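Here's the structure we're looking at; comments come further down.
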Amino acid sequence: MDLHELVNSPGQWLCGDGPESGIVISTRIRLARNIAGYPFLKRMTGDQRVDLQARVRKAVDESAALKSIACLNLETASHMDRQFLVERHLISRELAAGEGSRAVVFSRSEAESIMVNEEDHLRMQVLRSGLQLLPAWQQASLLDDQLEPRLDFAYSSRLGFLTACPTNVGTGLRASVMMHLPALVITRQIEKVFQAIGRMRLAVRGLYGEGTQASGDFYQISNQVTLGKTEDEILETLTLTIPRIIDYERKARETLARESEVFLEDRIWRALGILRHARQISSEETMALLSAVRMGVNVGRIRGLDVATVNHLFIGSQPGHLQIRHGRELSQADRDAARADFIRQTLQAAPLN
């Protein structure tokens, strides 16, 4: 598949039209599964990896849960292509950096995907725009149900689904919600929120999941425990917790608008001004400035610009996207210039007021 087909059309999960999309970017459900009869990945031979990959592809082709799929062989994919797929949240950094036979299968909408031969044999993923835990889980469960008879997942009646890492044993379910929390950061309430999240046995990670730092005030909130928990219990914890965080962020935005209006508007309009006129800009600075602009859109200070366009700027300004768009690897200086140009052109097309 030619990734140029995707670069200018962000996945469905970035459309910005889901519930609570002003604060919640997306919901993700991921299921870790392994196939009985094969050792865990670290002990697999090259031939076993190739055979398993072929079995998964055949099972997906026979399943009705994934429509209009694309499949990419990551063993032969370029570094640039793999980086692009990480930025799209279609593959993990670990799969991108792995070796040997491995692949990703995904729907054209990018709402469903399957990583093959990552840490586990399969990592099935469903992404939805905004806060949609139950719909995302229902789709992931359907995909799981359709593939299990064709692949025979490794399962213990005592432990549940068997996984390479003990933290995923049991349901193998990792539910996460990506949130944009700039007001809590500005008002210095974010650490209190994190402490409360920790007491709920939930984890806070950066934009690209485990091992990454927060960027652009984006945070992924997810369950830490799978063993001894049912799928319903995991989802219930997030269903109870996320609305409270949304409420805290919304109140922090209202407080800023009421008590620090000049500060808030200066932050928003200064960010927009730099983005509209910069000729060279780093990825880190872009994330910080777009965070302020996104908040400006959501609190009604910027009109003529929608959340979907800002989300597109976030992902389209990432290094992999810039290089795919230009059709070659770029130096850092060239990326910074290309990023500024991409942002300027996108904002110029918006009827801002």
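Would you confirm whether any residue within the range 47-57 is farther than 21 Å from Phe153 by Cβ and in contact (Cβ under 8 Å) with a residue 12 or more places away in the chain?
There is no residue in the range 47-57 that is farther than 21 Å from Phe153 by Cβ and in contact (Cβ under 8 Å) with a residue 12 or more places away in the chain.
Determine which single condition Glu249 fails, assuming it passes every other condition in (1) at pLDDT 95 or above; (2) in contact with a Leu (Cβ under 7 Å, 6 or more places away or on another chain); (3) not in a helix (DSSP H, G or I).
(3)
May I ask you to list the residues in the range 259-275 that are under 15 Å from Ile343 (Cα atoms) and surrounded by 16 or more Cβ atoms within 10 Å (Cβ to Cβ)?
Selection gives Ala271, Leu272, Ile274, Leu275.
For the range 72-95, which positions are hydrophobic (A, V, I, L, M, F, W, C) and touching an Asp or Glu at 6+ places or on another chain (Cβ under 9 Å)?
Leu72, Leu74, Met80, Leu90, Ile91, Leu95, listed by residue number.
Does Arg339 satisfy the criteria of being in contact with a helix residue (DSSP H, G or I) (Cβ under 8 Å, 6 or more places away or on another chain) and either buried (at least 18 other Cβ atoms within 10 Å of the Cβ) or not charged (D, E, K, R) (or both)?
So Arg339 fits the description; yes.
Restricting to helices (runs of 4 or more DSSP H) lying wholly in the range 1-111: which have 1 or more residues that are over 30 Å from Glu254 (Cβ atoms), basic (Lys, Arg) and over 22 Å from the mean Cα position of the chain (by Cα)?
Qualifying helices (runs of 4 or more DSSP H): 46-62.
So which residues in the range 47-63 are within 22 Å of Cys165 (Cβ to Cβ) and surrounded by fewer than 15 Cβ atoms within 10 Å (Cβ to Cβ), if there are any at all?
Result: no residue meets the conditions.
Within the range 88-138, count every residue that is of a type in the set (Ser, Thr, Tyr) and touching a helix residue (DSSP H, G or I) at 6+ places or on another chain (Cβ under 6 Å).
Final tally of qualifying residues: 3.
Suppose we filter Leu52, Leu41, Leu14 for residues that are touching a His at 6+ places or on another chain (Cβ under 8 Å), closer than 27 Å to Leu181 by Cβ and assigned by TED's automatic domain parsing to the domain that holds Glu249; which single one remains?
From the options Leu52, Leu41, Leu14, the qualifying one is Leu14.
Anything in the range 310-345 that is of a type in the set (A, V, I, L, M) and either under 23 Å from Asn298 (Cβ atoms) or assigned to a helix (DSSP H, G or I) (or both)? List them, or say none.
Within the range 310-345, Val310, Leu313, Ile315, Leu322, Ile324, Ala333, Ala337, Ala338, Ala340, Ile343 qualify.
Which residues, taken from the range 291-317, are within 12 Å of Ala271 (Cβ to Cβ) and small (Gly, Ala, Ser)?
Scanning the range 291-317 gives Ser291, Ala292, Gly296.
I'd like to check something: does the range 181-195 contain any residue that is more than 30 Å from Arg258 (Cα to Cα), of a type outside the set (A, V, I, L, M, F, W, C) and within 24 Å of the chain's Cα centre (by Cα)?
No: zero hits.
Keeping to the range 83-117, report how many residues are basic (Lys, Arg) and surrounded by fewer than 20 Cβ atoms within 10 Å (Cβ to Cβ).
Matching residues across the range 83-117 total 2.
The values are calculated or read from the model by the stated rules, or taken from the named source; none is laboratory data. Predicted, not measured: the structure shown is a model, and the values here were computed from it. Positions of Cβ are generated from backbone atoms using ideal geometry, with glycine treated the same way; all protein chains shown enter the neighbour counts.
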